[in-house]
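Trainee: Take a look at the following structure, please.
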Amino acid sequence: MTRRVHPLTPLLRGGLFTFAIVVIIGRNVVEGQQLPQQVLVLGAAVVAGLAYGTVSWWYTRYRITADELQIDTGVFFKKSRRIRIERLQAVEIEQPLLARLFSMAELSFDSGGTKDAEATLAFLPLKQAEQLRAVLLEQAHEARAPDAAETDPLPPGPAAPEEILYRVSPSLLLGSILTQSAFLGALATVVIGVPALLLAGQPVGLVLGVPFVLGIGNALFKGFAPMYGFTLVRTSQGLRVRSGLTSIRTTTIPVGRIQGVVLMEPWLWRRIGWMRVNLTVAGVGRGDDDKQLTSTLVPVASPQLAIHLVALLLDGADPRTIEPVTASPRAAWVDPFTWRTLGVAVNDRLVVTRRGFLTRRTDVVPRRKPQSVRCVQGPLQRRLGLATVHVDLPSGPVRLEARHRQAVEARGLVMVLADQP
Amino acid sequence: MDEVFAPPGVPWTRVSQRLTTVGQIKTAVATVAGIAAGLAVWQLMSATLVGVAICLVALGLGVANMALIPRRTAAWGYAERDDDLFVTHGVMVRRLTVVPYGRMQFVDVTSGPLNRRFGIATVRLHTASADSNVIIEGVAAGEAIALRDRLTVLGEARAAGL
């Protein structure tokens, strides 16, 4: 049966709005404007707000069926949303201030997707919200139970329960930070720019240099402290990462939920022989700290070791074994600087793209992971007979794009990638 | 060039012509508003050059849009295959998106007052990726609901974990 949310909802939604109006009116009164007029205006605003809120409440309905949660909202712009219960990863209860006073709560539904796709239901009495949450989560759990658990491509080591795969030494970490372009740029500005300004008789140079020096210090600290002692460990539960200087953080990387991997090689690092590997992991925690830790496989490592670790995660598929096919020379018209570096390759396990002149990046995505495949063709590309193919993943560092491929090739890519093994 | 955006074996299902009508109404209103703003600036603020410029820009954009709208409507298409959905749209920037049914998380059907008057709606698909951005505009209302229900059922049947 279709239910409505609590009738107090319009009042709670409008609360902040009314408060703002009261503040504005109050200020006007203090400044000497006439009180009766202001009260009239306030009254009218409140009534209008309540009226709209009530109508919008009337048109908000929700319903739980065997498989779905159905939410219909909207007066002018009607929206009807269906959420599959078995897809629910989390149901959160939030109580904004005003709602808390009335012991009301708002439910937010997370299907492991983007923030935009989250759905909310506001407001319900707290008890009812908790009950609804319990019912939905139980239903979701039951619906998922029959499925076999995702096979973990990284089975636990046979002998030792824990095995250290890789550890970053402090000197290596320091070296890696000092050779990053952001740091070098700031350093150059201070070392070259400030003396230059001083020599030119501008003492303001010293002042201008201060934020850059602070910036360098900050970058050093921000890059160094969280990643100090970075250790990658294989445990019986999967892959664990541990790092930190002042506060040690430990996160588990759910290997089965890795959507893709990106290998980054900045210009200077290529000369030295270093590489960084980042991951896109589905449903990573929202906190910033967690996100940085779970999305870094190795902050710096030799290419051989990095590829070895990546192959471990991808169940033995080595991204270097497939040779990317470079783009057609026509791409030079639309991307003159980096067209030569563009490449894409597909086999039955992986899709790999490569691009970048100064920083070379290689994005690797297992064939069964893309959320969708897109082909985009701008007017200039159309003239040249080119198109770009995108493979879409949940938000994260991996962005797989096959840029400026020839039309026929682009079409072929889309059709091949659409068939997920 | 059109081999990139050709239908995938199954022919494209096109959207309702009423989308053109709605688009033209919106453009007409926006153009009139733009011209009115330009006139207001001209007369009330005595800024002849700016006022006339605004009028001309509004008029130009309006005319250009009017010409493009029928082509945009004709460019919308979707095709339901066994395992996935193909959607194409766009005239200047052309797009083709493929979404496997198992990846569909939410399916929304939305329609504003103007759309409802003409009996069309917008179908929106969400996956776990913000870039998927699958939209079909101008679907006849009944067909939109039917499409949504079909997609939801198929999505359930094929639901793949992340």
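The values are calculated or read from the model by the stated rules, or taken from the named source; none is laboratory data. The structure displayed is predicted, hence computed values, not measured ones. Here the Cβ positions follow ideal geometry from the backbone for every residue, glycine too, while neighbour counts run over all protein chains shown. The protein model used for the area step is the full one, side chains on, heavy atoms only, and it has no ligands, DNA or RNA in it. Shrake-Rupley method; radii C 1.70, N 1.55, O 1.52, S 1.80 Å.
Trainee: What is the one condition in (1) open to solvent by 50 Å² or more (accessible area, probe 1.4 Å); (2) assigned to a strand (DSSP E or B); (3) among the small types (G, A, S) that A:S395 does not satisfy?
Mentor: Exception for A:S395: condition (2).
Trainee: Please enumerate the residues belonging to region B:120-162 that are small (G, A, S), within 10 Å of another protein chain (Cβ to nearest Cβ) and either buried (at least 16 other Cβ atoms within 10 Å of the Cβ) or within 18 Å of the chain's Cα centre (by Cα) (or both).
Mentor: B:A121, B:A128, B:S129, B:A130, B:S132, B:A144, B:G155, B:A159
Trainee: On the basis of being hydroxyl-bearing (S, T, Y) and surrounded by fewer than 15 Cβ atoms within 10 Å (Cβ to Cβ), does A:T251 make the cut?
Mentor: It is false that A:T251 is hydroxyl-bearing (S, T, Y) and surrounded by fewer than 15 Cβ atoms within 10 Å (Cβ to Cβ).
Trainee: What are the residues in region A:55-107 that are away from chain B (no Cβ under 13 Å), touching a Leu at 6+ places or on another chain (Cβ under 9 Å) and polar (S, T, N, Q), if any?
Mentor: A:T60, A:Q95, A:S103
Trainee: Count, please, the residues in region A:80-105 that happen to be on the phi < 0 side of the Ramachandran plot, open to solvent by 30 Å² or more (accessible area, probe 1.4 Å), more than 26 Å from the chain's Cα centre (by Cα) and not aromatic (F, W, Y).
Mentor: Summing the residues that are on the phi < 0 side of the Ramachandran plot, open to solvent by 30 Å² or more (accessible area, probe 1.4 Å), more than 26 Å from the chain's Cα centre (by Cα) and not aromatic (F, W, Y) in region A:80-105 gives 4.
Trainee: Quick check on my filter: what residues within region B:106-115 are open to solvent by 10 Å² or more (accessible area, probe 1.4 Å), facing another protein chain (nearest Cβ under 7 Å) and touching a helix residue (DSSP H, G or I) at 6+ places or on another chain (Cβ under 8 Å)?
Mentor: Passing the criteria: B:V109, B:S111.
Trainee: Among the numbered conditions (1) more than 17 Å from A:S302 (Cβ to Cβ); (2) part of a helix (DSSP H, G or I), tell me where A:G201 comes up short.
Mentor: Going through (1) more than 17 Å from A:S302 (Cβ to Cβ); (2) part of a helix (DSSP H, G or I) one by one, A:G201 breaks only (2).
Trainee: It is to be established whether one or more residues within region A:251-266 are in contact with a Phe, Trp or Tyr (Cβ under 7 Å, 6 or more places away or on another chain) and at negative phi.
Mentor: no
Trainee: So A:D335 passes all but one of these: (1) in contact (Cβ under 8 Å) with a residue 60 or more places away in the chain; (2) within 14 Å of chain B (Cβ to nearest Cβ); (3) of a type outside the set (A, V, I, L, M, F, W, C). Which condition number does it fail?
Mentor: Going through (1) in contact (Cβ under 8 Å) with a residue 60 or more places away in the chain; (2) within 14 Å of chain B (Cβ to nearest Cβ); (3) of a type outside the set (A, V, I, L, M, F, W, C) one by one, A:D335 breaks only (2).
Trainee: Moving on. Name the residues in region A:398-416 that are within 23 Å of the chain's Cα centre (by Cα) and buried (at least 20 other Cβ atoms within 10 Å of the Cβ), would you?
Mentor: If the condition is that a residue be within 23 Å of the chain's Cα centre (by Cα) and buried (at least 20 other Cβ atoms within 10 Å of the Cβ), then A:V398, A:L400, A:A402, A:R403 are the ones that fit.
Trainee: Could you look through region B:79-97, keep only residues that are without any contact (Cβ under 8 Å) to a residue 24 or more places away in the chain and within 18 Å of B:S132 (Cα to Cα), and pick out the one that is surrounded by the fewest Cβ atoms within 10 Å (Cβ to Cβ)?
Mentor: Selected residue: B:V93.
For (1) out of contact with any Leu (no Cβ under 6 Å at 6 or more places or on another chain); (2) away from chain B (no Cβ under 14 Å); (3) under 19 Å from B:D131 (Cα atoms); (4) of a type in the set (A, V, I, L, M), each residue gets a yes or a no:
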site: A:V325; (1), (2), (3), (4): yes, yes, no, yes
site: A:V344; (1), (2), (3), (4): yes, yes, no, yes
site: A:R354; (1), (2), (3), (4): yes, yes, no, no
site: A:T359; (1), (2), (3), (4): yes, yes, no, no
site: A:T362; (1), (2), (3), (4): no, yes, no, no
site: A:R367; (1), (2), (3), (4): yes, no, yes, no
site: A:T388; (1), (2), (3), (4): yes, no, yes, no
site: A:V391; (1), (2), (3), (4): no, no, yes, yes
site: A:A418; (1), (2), (3), (4): yes, no, yes, yes
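Trainee: Within region A:69-102, can you find the residues that are at pLDDT 75 or above and in a helix (DSSP H, G or I)?
Mentor: Scanning region A:69-102 gives A:I85, A:E86, A:R87, A:A99, A:R100, A:L101.
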